[in-house]
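Engineer: Below: one structure in structure tokens.
The values are calculated or read from the model by the stated rules, or taken from the named source; none is laboratory data. This is a predicted model, so every value here is computed, not measured. Counting neighbours? That spans all protein chains shown, and the Cβs are built from the backbone with ideal geometry, glycine included.
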Amino acid sequence: MKLFQQKTTVHKFKSAGEFTEQYGIGKGDFILASKSIYEAYFAPQKLEAHVEYKNKYGAGEPTDVMIDALLADFRRTECRRIIAIGGGAVIDMAKILVLAGDYSTEQIFKREVPLAKERTLIAVPTTCGAGSEVSNVSITELTSIHSKLGLASDEIYADEAVLIPELLSKLPYDFFATSAIDAFIHAIESYVSPRSNLYTEMFSMEAMQMIIQGFKKIIEKGADYRMELLDEFLTASNLAGIAFGNAGTGAVHAMSYPLSGVYHVTHGEANYQFLTAVFASYQRMNPDGKLKKLNQFLGGLLDCPETEVYKQLEGILDKIISRKKLREYGMKEDEIQSFAESVEESQQRLLDQSYVKMTAAQMAEIYRQLY
């Protein structure tokens, strides 16, 4: 029985220039990047690589249409090494470029074709949430079903992850906050996953502790203090990525996908809507299993009794960034049932990794509560 693996080598550099010099980035390399980050930190270096910006293919989270357009551009080059510089969307898109064949994104994500890796991927995260640089997961919206779908395959692991804390310095506060909360969700969901074990728990616990401690400092000293904590939050995101890359995420992610797919809510923000409601439901359904151990750990971090951890957690997160009601995104009341049914139909991989596997009726109740 396989317990743990970490296929991606993790590096850290003080600056973008130090990274590009050591890796010899140039001719023969294909760079997919967030435009603002690339222009600020990499363009002045006048690299001779083939560069494409993510916004050329569309705004927001990846869709199969966007990735198909990227694949078409990439296949016209002869590049063998791919460098992804950006958030989870950029890295998730770049992961598909490593695969052999001329298949469409939909064929790949539906696993209708064989997956074989034939190119090198270097992932450079510019947010502190996705953890995609060390996971074997890529997420896209399949436009045919208006919902996100995840591809989990060892063939799409990045070969190397490069952490450069200065790249987070231009991240707007809202994106920083939802990214960091997303990293916390990766850590907490992987901790209670049926696939978790001692090895993954260590990464989950350290990530949760670093994020909660960071949030407390930001609440005390103000939003700008996050600039003093970029290294800690980037590291915590990476640790959480290692945890969920091995143990997986669950119902929080599953329930967020229709909201993102239909109303284009960013990944971290969509996940945030469901975090405490899902875990409060777990508490009602099975309080004496792995959740009890989690509650003891969170109680220590949050300085509160185990019975109050989710109320206390919600209070801290709301001080970092407030949540909205689902109706504020445009969701309609008659979509409560259809969203729940679509999750049950299309997200079995995530539901199987949940602490308690929820039914459509149970998920509909959570949607209704948050509506």
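Engineer: Out of (1) closer than 23 Å to residue 216 by Cα; (2) of a type in the set (Gly, Ala, Ser); (3) loosely packed, with under 15 Cβ neighbours inside 10 Å, what's the single condition that is false for residue 330?
Structural biologist: Unmet condition: (1).
Engineer: Please go through (1) outside any loop (DSSP other than H, G, I, E, B); (2) over 25 Å from residue 271 (Cα atoms) for residue 1 and return the number of the only condition it doesn't satisfy.
Structural biologist: Exception for residue 1: condition (1).
Engineer: Within region 347-369, restricting attention to residues that are buried (at least 20 other Cβ atoms within 10 Å of the Cβ) and of a type in the set (S, T, N, Q), which residue is modelled with the lowest pLDDT?
Structural biologist: Ranking the candidates gives 347 first.
Engineer: Among the numbered criteria (1) of a type outside the set (Phe, Trp, Tyr); (2) in a helix (DSSP H, G or I); (3) crowded, with 21+ Cβ neighbours inside 10 Å; (4) within 20 Å of the chain's Cα centre (by Cα), which one does residue 55 miss?
Structural biologist: Going through (1) of a type outside the set (Phe, Trp, Tyr); (2) in a helix (DSSP H, G or I); (3) crowded, with 21+ Cβ neighbours inside 10 Å; (4) within 20 Å of the chain's Cα centre (by Cα) one by one, residue 55 breaks only (3).
Quick grid of which residues meet (1) surrounded by fewer than 24 Cβ atoms within 10 Å (Cβ to Cβ); (2) assigned by TED's automatic domain parsing to the domain that holds residue 316:
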position: 149; (1), (2): yes, no
position: 158; (1), (2): no, no
position: 161; (1), (2): no, no
position: 195; (1), (2): yes, yes
position: 202; (1), (2): yes, yes
position: 206; (1), (2): yes, yes
position: 217; (1), (2): yes, yes
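Engineer: Which residue out of 270, 280, 223 is small (Gly, Ala, Ser) and surrounded by 22 or more Cβ atoms within 10 Å (Cβ to Cβ)?
Structural biologist: Selected residue: 270, the only one of 270, 280, 223 that is small (Gly, Ala, Ser) and surrounded by 22 or more Cβ atoms within 10 Å (Cβ to Cβ).
Engineer: Hey, another quick one. Give 61, 78, 48 a once-over and let me know the one that is buried (at least 21 other Cβ atoms within 10 Å of the Cβ), assigned by TED's automatic domain parsing to the domain that holds residue 141 and assigned to a loop (DSSP other than H, G, I, E, B). Break it down stepwise before answering.
Structural biologist: On the way: 78 fails: buried (at least 21 other Cβ atoms within 10 Å of the Cβ); 48 fails: buried (at least 21 other Cβ atoms within 10 Å of the Cβ).
Among 61, 78, 48, only 61 is buried (at least 21 other Cβ atoms within 10 Å of the Cβ), assigned by TED's automatic domain parsing to the domain that holds residue 141 and assigned to a loop (DSSP other than H, G, I, E, B).
Engineer: Continuing with the same structure: Identify, by number, the condition in (1) of a type outside the set (Val, Ile, Thr); (2) surrounded by 17 or more Cβ atoms within 10 Å (Cβ to Cβ); (3) over 20 Å from residue 134 (Cα atoms) that residue 30 doesn't meet.
Structural biologist: Here residue 30 meets the rest and fails (3).
Engineer: Kindly list, by first and then second residue, each pair from a residue in region 201-225 that is farther than 27 Å from residue 248 by Cα to a residue that is aromatic (Phe, Trp, Tyr), limited to pairs with Cβ atoms under 7 Å and residues at least 6 apart or on different chains.
Structural biologist: Filtered contacts from region 201-225: 217/225; 218/225; 223/173.
Engineer: Can you confirm whether residue 68 is part of a loop (DSSP other than H, G, I, E, B) and assigned by TED's automatic domain parsing to the domain that holds residue 126? Step through it out loud before you land on a result.
Structural biologist: Values: part of a loop (DSSP other than H, G, I, E, B): no; assigned by TED's automatic domain parsing to the domain that holds residue 126: yes.
No, not satisfied.
Engineer: Tell me the residue from 94, 40, 89 that is of a type in the set (A, V, I, L, M) and over 22 Å from residue 241 (Cα atoms), please. Break it down into steps so the answer makes sense when it comes.
Structural biologist: Working: 94 fails: over 22 Å from residue 241 (Cα atoms); 89 fails: over 22 Å from residue 241 (Cα atoms).
Answer to the selection: 40.
So that you can scan it fast, the table gives a plain yes or no per residue for (1) touching a helix residue (DSSP H, G or I) at 6+ places or on another chain (Cβ under 7 Å); (2) aromatic (Phe, Trp, Tyr):
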site	(1), (2)
22	no, no
31	no, no
34	yes, no
41	yes, yes
45	yes, no
55	yes, no
72	no, no
78	no, no
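Engineer: Picking from 299, 289, which residue would you name as being assigned by TED's automatic domain parsing to the domain that holds residue 354 and modelled with pLDDT under 95? First the steps, then the outcome.
Structural biologist: On the way: 299 fails: modelled with pLDDT under 95.
On inspection, the qualifying residue turns out to be 289.
Engineer: Then there's this: If residue 297 satisfies all but one of (1) within 22 Å of residue 318 (Cβ to Cβ); (2) crowded, with 24+ Cβ neighbours inside 10 Å, what's the number of the condition it fails?
Structural biologist: Failed condition: (2).
Engineer: I would also like to ask the following. Would you pick out the residues in region 103-118 that are outside any strand (DSSP E or B) and either basic (Lys, Arg) or within 19 Å of residue 32 (Cα to Cα) (or both)? Steps first, please.
Structural biologist: Residues of region 103-118 outside any strand (DSSP E or B): 103-116, 118.
Within region 103-118, 104, 105, 110, 111, 118 meet the criteria.
Engineer: I've got another one for you. If a residue must be assigned to a strand (DSSP E or B) and acidic (Asp, Glu), how many such residues does region 29-45 contain?
Structural biologist: Of the residues in that region, 1 qualify.
Engineer: Name the single residue that is nearest to residue 160 (Cα to Cα) among those in region 119-144 being of a type in the set (Ser, Thr, Tyr) and in a loop (DSSP other than H, G, I, E, B). I'd like the intermediate steps shown before the answer.
Structural biologist: As a first pass, look at region 119-144 and keep what is of a type in the set (Ser, Thr, Tyr): 120, 126-127, 132, 135, 138, 140, 143-144.
Checking the rest, the ones that are also in a loop (DSSP other than H, G, I, E, B) come to 126-127, 135, 143-144.
Values: 126: 15, 127: 17, 135: 11, 143: 31, 144: 33 Å.
Filtering first and then ranking leaves 135.
Engineer: Working only within region 130-147, note down all residues that are buried (at least 20 other Cβ atoms within 10 Å of the Cβ) and closer than 20 Å to residue 68 by Cβ.
Structural biologist: 132, 137, 138, 139, 140, 141, 147, listed by residue number.
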